[in-house]
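The values are calculated or read from the model by the stated rules, or taken from the named source; none is laboratory data. Source: prediction; values computed, not measured. Quick reminder, even Gly has a Cβ in these numbers, built from the backbone with ideal geometry, and neighbours come from all protein chains shown. Keep in mind that these areas ignore ligands, DNA and RNA; they rest on the heavy atoms of the full protein, side chains included. Shrake-Rupley method; radii C 1.70, N 1.55, O 1.52, S 1.80 Å.
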Amino acid sequence: MAIGALVSAPIAGQILETNGGLNFAAVGGYSGYILLSTSPTFTHLTSATIVMTELSPSSPPSPTIRPSSSHSVVEGGMPTSTGHTETMKDAVTADGIIDEKAQTREQPDSKSPEHGNNTGALGPPPDGGLRAWLVVTGVFCAGFCTFGFANAFGVFQAYYAKTIPEVTQFSIAWIGSLQYSLIFLPGLVAGHLSDIGYLRPMLIIASAVMVTSIFLVAECKTLWQLVLCQGLAIGGASGFLFTPCLGVLPQYFVKKRATAYGCTALGSSLGGTLFPIVLRKLMAAVGFKWTIRILGFIIMAFLGVMLLCVRPRTEIRNKRGRFPLKELIEKPTIMLYIAAVSIMWLGIYNPLTYFDVYAQEKLGIPANRSYYVIVTANAVSIVGRIGCGVLADKFGPLNVQTAFCAGAAFLTIAWPYTRRFASLEIVAALYGICSGVFVSLLPAPSSNMVPSHQIGASIGLASTCMALFAVFSAPIAGQILDTGDGLNFVAVGGYSGAMVLFACCFSLASRYSALKGWKGKF
């Protein structure tokens, strides 16, 4: 613009002084041509030639348009972007200057991004392709670093109980509970920020905070320091990584959406399998501090891959910039589902927290073997995470999720009754399959209940509600565990299983609301 402004007046002045006098008609014709040729309504006339006739008081101006072979234009008129021909005779003043205010303007396109509909420009989600599966890889890495690390807290629970003086299972459980819940709590804000176009900055900042917090855990010496670093900082950063990444997948998948979610959930399963092994082996070899530092470098590498792969399909933003809370609350289907998954968190992950403790305290298994129960549950959950995607695409994600959650409820009640390590391993494996289905399909039903532009917001609202319940899950279970003369694992199992079954009732209600009956795929 600066260059154009610099040369505009000299050019007009040079034209004014042509033909031995002040040629205002030539200046007006030149200026009008420049204005017209740069206006949006003139974009289809790039190959047309405008000849301005000699102006005189007795003859009104009449611009003549010579059409090219690629445009069918009526003489004395001009085409708009919608293909209609508009006359220009009222747009030219007596002095020969084109009046832009009088000129007929381009009709708006209802499918343009400004009108909130970019489907025609982008087309439907590809349901595959290199870029789509790279996004799946990136979300896999996000799950590995967030849920995978949180799933290994059972090892931290047992370690902190023996190394930090005068702490109870109840107080230690707050660390893991905060870490779990904060994966979901920022979802309300994170999902909305993702919807309005701030996904990339949010992922970069959250990755930096998470890596820094992990290195700080190595320097913690007291319980409150661990609560701040491992509970609040790592958990909060995880919340701004996990939920926004989930909201990107529906931009790439429709028919294979449940399969894509199942594949991404393998990340948390792999992390929950490898992190306990790495923790136990390295703590015995190099100590706690260097173990955490090594984990920090591993997570840094995975987050780097995530930042390279997770990119939204479009940068078009929701220009209204407001959270659609009222619209979501008015949908009973999504609200019943949010109630179901929120209540589910009061019980479904309690066994994973106390498997290691139960094996040591009740079965007498040494610490160098007891953590394999957690490894087994996380490793075998791969079967549920992969298989559930295929089943969900065939039978419906909510149908599959509800059925497997009911199975997880009965296994949650049963695990405290095992009396041998082998039987505990079997129950843990079956539990891992069922709980893996729950977390893998967590966002899939909600993404089918709302329009595409509200998917991030709906997942965020569900995440925040789940967090409010998840923050109390482990502490409540820890308080129940400390009742009586010893560690009351039977009461913990009964309470946890009852909560999961209660949540399944809300899932069935959400399904009924969506289908208006009991039969159907959903």
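See the values below:
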quantity	calculated
Set Y371, Y417: member being touching a helix residue (DSSP H, G or I) at 6+ places or on another chain (Cβ under 8 Å) and crowded, with 20+ Cβ neighbours inside 10 Å	Y371
All positions within the stretch 170-179 that are of a type outside the set (G, A, S) and either modelled with pLDDT of 80 or more or not in a helix (DSSP H, G or I) (or both)	I172, W174, I175, L178, Q179
Checklist (1) outside any helix (DSSP H, G or I); (2) under 21 Å from I334 (Cβ atoms) applied to R419, failing item	(2)
Counted residues, the stretch 199-258 - those being under 29 Å from I172 (Cβ atoms) and basic (K, R)	1
Check on I316, at pLDDT below 90, aliphatic (A, V, I, L, M), out of contact with any His (no Cβ under 8 Å at 6 or more places or on another chain) and assigned to a loop (DSSP other than H, G, I, E, B)	yes
Within the stretch 381-404, tally of residues that are open to solvent by 40 Å² or more (accessible area, probe 1.4 Å) and either within 12 Å of S435 (Cα to Cα) or assigned to a loop (DSSP other than H, G, I, E, B) (or both)	4
Pairs where the first residue, in the stretch 154-165, is touching a residue at least 40 places away in the same chain (Cβ under 8 Å) and the second is in a helix (DSSP H, G or I) and of a type in the set (D, E, K, R), C-beta under 7 Å, 6+ apart	G154/D356; V155/R280; V155/D356; Q157/D356; A158/D356
Pairs with Cβ under 6 Å, 6+ apart, first in the stretch 339-361 and farther than 19 Å from C434 by Cα, second assigned to a loop (DSSP other than H, G, I, E, B) and among the aliphatic types (A, V, I, L, M)	A359/I365; E361/L487
Cβ pairs under 7 Å, 6+ apart, first in the stretch 481-497 and over 14 Å from P351 (Cα atoms) and open to solvent by 50 Å² or more (accessible area, probe 1.4 Å), second modelled with pLDDT of 75 or more and not in a helix (DSSP H, G or I)	D482/T168
Matching option when the condition is open to solvent by 10 Å² or more (accessible area, probe 1.4 Å), closer than 19 Å to C405 by Cα and of a type in the set (S, T, Y), among S473, S423	S473
From T273, T259, residue being part of a helix (DSSP H, G or I) and over 27 Å from F355 (Cα atoms)	T259
Which numbered condition F502 misses (of (1) assigned to a loop (DSSP other than H, G, I, E, B); (2) open to solvent by 60 Å² or more (accessible area, probe 1.4 Å); (3) aromatic (F, W, Y))	(1)
Subset of the stretch 147-205 [of a type in the set (S, T, N, Q) and either open to solvent by less than 10 Å² (accessible area, probe 1.4 Å) or under 13 Å from the mean Cα position of the chain (by Cα) (or both)]	N151, Q157, S177, Q179, S181, S194
Residues satisfying the stated conditions in the stretch 207-231, i.e. open to solvent by 40 Å² or more (accessible area, probe 1.4 Å) and over 20 Å from F288 (Cα atoms)	A208, V209
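Results for (1) on the phi < 0 side of the Ramachandran plot; (2) open to solvent by 10 Å² or more (accessible area, probe 1.4 Å); (3) not aromatic (F, W, Y), shown as yes or no for each residue.
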| position | (1), (2), (3) |
| --- | --- |
| F240 | yes, yes, no |
| Y252 | yes, no, no |
| K255 | yes, yes, yes |
| G267 | yes, no, yes |
| G271 | yes, no, yes |
| L274 | yes, yes, yes |
